[in-house]
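The values are calculated or read from the model by the stated rules, or taken from the named source; none is laboratory data. For clarity, every value in this text was computed on a predicted model and none was experimentally measured. Note: ideal-geometry Cβ built from the backbone for every residue, glycine included; neighbour counts use all protein chains shown. Accessible surface areas use protein heavy atoms only, side chains included; no ligands, DNA or RNA. Shrake-Rupley method; radii C 1.70, N 1.55, O 1.52, S 1.80 Å.
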Amino acid sequence: MTDPVRLQGVDIAQLLEDESLRDWIQLQRWYASKSRSVTGIEIVERVALREEPLLLLTLVQTRFATGTHELYQLPLLFRQAPGPDAPSPDLIARIEEWDVYDALADPLQAHELLRRVLATDEIETDEGRFSFHRVEGAPEIPVDSPACLIGVEQSNSSIVFDDRVVMKAFRKLEPGINPELEMLMFLTRRGFENIAPLQGWYEYEGQVLSSTLGVVQDYLPGAVGGWELALDEISSEPSAFLDRLGSLGEVTARMHNVLGSDAGDPAFSPEEPSNEALSLLTATVDEDIERIFSRLPDDERVAPIAGCGQDVRERLAARAQIGVGGRVIRTHGDYHLGQTLSTPRGWVIIDFEGEPARPLPERRQKRSALRDVASMLRSFAYVTSAIEILRGRRAPDDFEQQARDRFLSAYVEHVDSSLLPAGDAAISNLLSIFELEKALYELRYELNNRPDWIPIPVAGIRRLLDSV
């Protein structure tokens, strides 16, 4: 096989000396530190997956002036350059007579990764080991089957093969098992029906780090995203969508029941919340209140909460006196309508990796199940307003409240009561704290990115102030 360090006399180190790779990485959606410039770049691990055309699976480290660094997965495809004047879309760099591409920009190249997953391959290097794992019963996918890149993802690349399986390759890597793999493995083994089951994964273990590189799941052709479905149905068939939300509340409850069902697995065993848990949460939210309200712009869109920072903090403090209650478990961690699919067999929940911007250990922490619930309730607020922003139509009066009631009623009816605080008042209280946490996050995001959406989180914060 072609030496992965030298390519017919061309030292791959030249790729690092060329500024093209550094510039290209900083332009990608999955590059996490867009406010920081890369001062150095290094391929810290590589393995040749195929000889012709050469396909390298590399781990690329970006360094910053502060002395910190980040690690990314970057499969590289080498082709002979077609000529100095020939167009080269998606080109990373041209090294002498070779063009270098991001291999996942050509979905057919990802067949090599899938093939190794299905073959349970293992590749040793001088620095570590790449391992590919297949779940028993995973379908065989012909190497010449269609493949396509789907979506525009912030931190991953997903490729669908033969309309049967989808592979998600994680771009930014952190040490440890990715929650996506961990959660899918747990839920698949316990037969939870409302997910796309895990079919395989691949990972790296070595001196640089040990990390999940990608997962393979069933693909659900014809599924409709929950967010898109809501935009279509809330103004045209509101009663039908409310019925769907009742079903989603039940599915959410069953997910939490399964996640809290194994006392023998330390990573998933339910626990009693510590006395400090609520204090830590409210202290964090209090800091967010101080930071955001001190910088509110002079803008009529924030007028309903302008000057109310102290009122919000006092209301938060009063609610914190009631306490937490309910066991803490592993949760979805980034739960909203966009993380659901409507299928002929009912709701399917997707994307279990948590909020990618948060550190991986934080995403694996056990929390109250109500944090997921609060995040979904905030999603109802968003989609109710987004219909007018995106579609120029209005949701029925009081639809958001009806959606909340329908979802919550079904959820509370079907969830294991040991996961919740005792009594409706305590449940409502803890939900309001989590909703405030989420609304503050939303406000910070909208102030920086989508000014027209600012009234949505403002209304959520106002709801807390107006509640008894």
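Conditions tested, residue by residue: (1) in a loop (DSSP other than H, G, I, E, B); (2) surrounded by fewer than 22 Cβ atoms within 10 Å (Cβ to Cβ); (3) in contact with an Asp or Glu (Cβ under 8 Å, 6 or more places away or on another chain); (4) charged (D, E, K, R).
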| site | (1), (2), (3), (4) |
| --- | --- |
| His133 | no, yes, yes, no |
| Val143 | yes, yes, no, no |
| Gln154 | yes, yes, no, no |
| Val160 | no, yes, no, no |
| Glu182 | no, yes, no, yes |
| Phe186 | no, yes, yes, no |
| Ala196 | yes, yes, yes, no |
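Beta carbons closer than 8 Å, at least 6 apart along the sequence or on distinct chains, pair a first residue in region 265-292 that is under 22 Å from Ala439 (Cβ atoms) and open to solvent by 30 Å² or more (accessible area, probe 1.4 Å) with a second that is at pLDDT 90 or above and among the basic types (Lys, Arg) for Asp286/Arg313; Glu290/Arg313. Does Val166 fit the bill of being in contact with a Ser or Thr (Cβ under 9 Å, 6 or more places away or on another chain), at negative phi and open to solvent by 40 Å² or more (accessible area, probe 1.4 Å)? The answer is no for Val166.
Residues of region 62-78 that are open to solvent by 30 Å² or more (accessible area, probe 1.4 Å) and part of a strand (DSSP E or B): Arg63, His69. Of all residues in region 198-242, those being part of a loop (DSSP other than H, G, I, E, B) and open to solvent by 20 Å² or more (accessible area, probe 1.4 Å) number 10. Residues of region 95-129 that are over 24 Å from Ile25 (Cβ atoms) and among the polar types (S, T, N, Q): Thr120 alone.
Answer yes or no as to whether Glu250 is under 30 Å from Glu233 (Cα atoms), in a helix (DSSP H, G or I), open to solvent by 50 Å² or more (accessible area, probe 1.4 Å) and not hydroxyl-bearing (Ser, Thr, Tyr). Yes. When region 345-363 is limited to residues that are at pLDDT below 95 and surrounded by fewer than 18 Cβ atoms within 10 Å (Cβ to Cβ), the one that is nearest to Lys168 (Cα to Cα) turns out to be Glu355. Filtering region 314-344 to residues that are of a type in the set (Val, Ile, Thr), crowded, with 20+ Cβ neighbours inside 10 Å and outside any loop (DSSP other than H, G, I, E, B) leaves Val328, Ile329, Thr340.
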